[in-house]
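Beneath this line is the structure, given in structure tokens, with notes to follow.
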Amino acid sequence: MTVGLGVLTAAYVSFGMPALDVPGEVTDAGIEGQNVVRWYGWVAVLLAVVPALVAAAPLVLPAKTRGWVAAAGAAVLTVFVLVSGNLGLYYFPVALMLWAATIVPWVLRRGIGRAAARAWHLTAAVFLTLPALLIGSAVFHDTVEVTWPAVVLWGVLPLVLAVLCACGMRAGYAVTAVAGALVMVTSLFDQGLLFAAFWLFAAVYLTIGASGFTATRPGQTGAAGRWSPDGAE
């Protein structure tokens, strides 16, 4: 999933992202309105897909080295995200997913007890409630005009998902991952003043949903279960 996300991100960066978002001082006339591949050429596509290749590297290496290589790749992508401005924003989900793909299998191989499983579910639920808290604050303080569909979509739905994930329900994590992916795609095609917020929250939702779905045993409905590589309690 992380590699696929990296490829899709590279495709958008190459063909959809404005060339002005590439780091560096650009003074050439005519760059405004151009995408990356039109301005910089097809070599930009090769560079844009490098993060996906970094994410894919552990898959072709021996199992005993995959964890270390994945962690190193996640660290490299994190630095890239932090230093590359607007461009790094688009690759933030790839870095976050690579960290999850590195840490979750490592934890599962060692098993996780009931208390730790409960703490994970509750922590995930807290993160999922953040959009609801933000829109609740906007409604309470009347800082922005909020419609009822927005309240349901960004207020009620996150709370429902938070409850499902707090209870350790695998279906709740699956819906969370799908919701994050849908918001990411939608925000790319309808970028506004809050694009960064939607993009970052969606990345967190996708990561939490995918991680929880992977780690939670099929059919498990309680937060107190013990996670292990084969899902056995």
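Miscellaneous remarks
- Cα gyration tensor, the range 44-126 - rounded (a/c under 1.5), prolate or oblate: oblate
- Prolate/oblate/rounded call for the range 76-120, Cα gyration tensor, a/c under 1.5 rounded: prolate
Read the figures in this text as sums done on the coordinates, not as results from a lab. Owing to the predicted nature of the structure, the values given are computational and were not obtained by experimental measurement.
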